[in-house]
1. Given Cβ point charges of +1 (Lys, Arg) and -1 (Asp, Glu) and nothing else, what value in debye, to the nearest 20, does the dipole of the chain about its Cα centre take?
2. On a 26 Å Cα-Cα criterion, which of the cross-link pairs K64/K112; K73/K112; K25/K112 come out too long?
3. Between T31, T96, T53, which gets the highest mean-square fluctuation from a Gaussian network model of the chain, Cα cutoff 10 Å?
4. By a straight-distance test (C-alpha under 17 Å), which lysines pair with K23 as possible cross-link partners, with residues fewer than eight away in the same chain excluded?
5. Counting other Cβ atoms within 10 Å, keep those with at most 15, restrict to DSSP loop, and tell me which chymotrypsin sites (Phe, Trp or Tyr not before Pro) in the range 4-111 are left.
6. Quote to one decimal, in nm, the extra length available between N120 and Q63 on full extension: 0.36 nm per residue of separation minus the C-alpha distance between them.
7. What is the Cα coordinate range of the chain on the first, second and third principal axes, sorted by size from largest, in whole angstrom?
8. Can you work out ³J(HN,Hα) from phi for every residue in the range 124-129, in order, using Karplus 6.51 cos²θ - 1.76 cosθ + 1.60 and θ = phi - 60°, giving whole Hz and x for Gly and Pro?
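Please treat every number below as a calculation from the coordinates, not as lab data. What you see is a predicted model; the values in this text were computed from it and never measured. Virtual Cβ from ideal backbone geometry, glycine too; neighbours counted across all protein chains shown.
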Amino acid sequence: MKPRPESVDPAKLHELAHNVIRKAKFPMLATVDESAQPRLRPVSPVRVDDDFTVYVANLAGYQKTGEIKANPKVELAYLEPDHDQIRITGIAHIETHPQTIEAIWSSNPLLKQYLGSPENPEFVLYRIEPEQVRFMREWALDYHDVPRQLA
């Protein structure tokens, strides 16, 4: 028998999606390698804005750095303990705005511990700009497009 998940109020989609992000914390990031093989790995975002722009710190030597450089189209998938999920499809850009980097750096002690300073050549900060955000209630098999509420 198909599960009967709780209905979704379209006016609450933005809030529901952000609740998934808060509960899940560690999304899976999908990229594509040079042979067109999809690659998936957990990441730890260092900031998520209200419009679902996600910032992910990375090291220059990591495999995903080359994959994103070759093809910046990515997807983040969040699954929270009650099985609600969101998928953020977007484009990854290297963040270069000094104030944004400083704000993220100063609020994340682990970055300081592992990398020393934002000038470390290994430090890469990706800004994933969403093109589509979709929410699905616990295995409902029905995605809802989430409005981004741009400022």
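1. Details: 18 positive and 22 negative charges, 61 e Å.
About 300 debye.
2. Numbers: K64/K112 21 Å; K73/K112 28 Å; K25/K112 20 Å.
As for pairs spanning more than 26 Å Cα to Cα, those are K73/K112.
3. Of T31, T96, T53, the most mobile in the Gaussian network model is T96.
4. In chain and number order, the partners are K12.
5. Numbers: sites: F52, Y55, Y62, Y78, W105; in loops: F52, Y62.
When the chymotrypsin sites (Phe, Trp or Tyr not before Pro) of the range 4-111 are filtered for loop state and at most 15 Cβ neighbours within 10 Å, Y62 remain.
6. Details: separation 57, 0.36 × 57 = 20.52 nm, distance 1.81 nm.
Full-extension gain reported as 18.7 nm.
7. For the chain, the Cα extents along the three principal axes come out at 52, 36, 26 Å.
8. For the range 124-129, the Karplus-derived couplings read 10, 10, 8, 10, 9, 8 Hz, x marking Gly and Pro.
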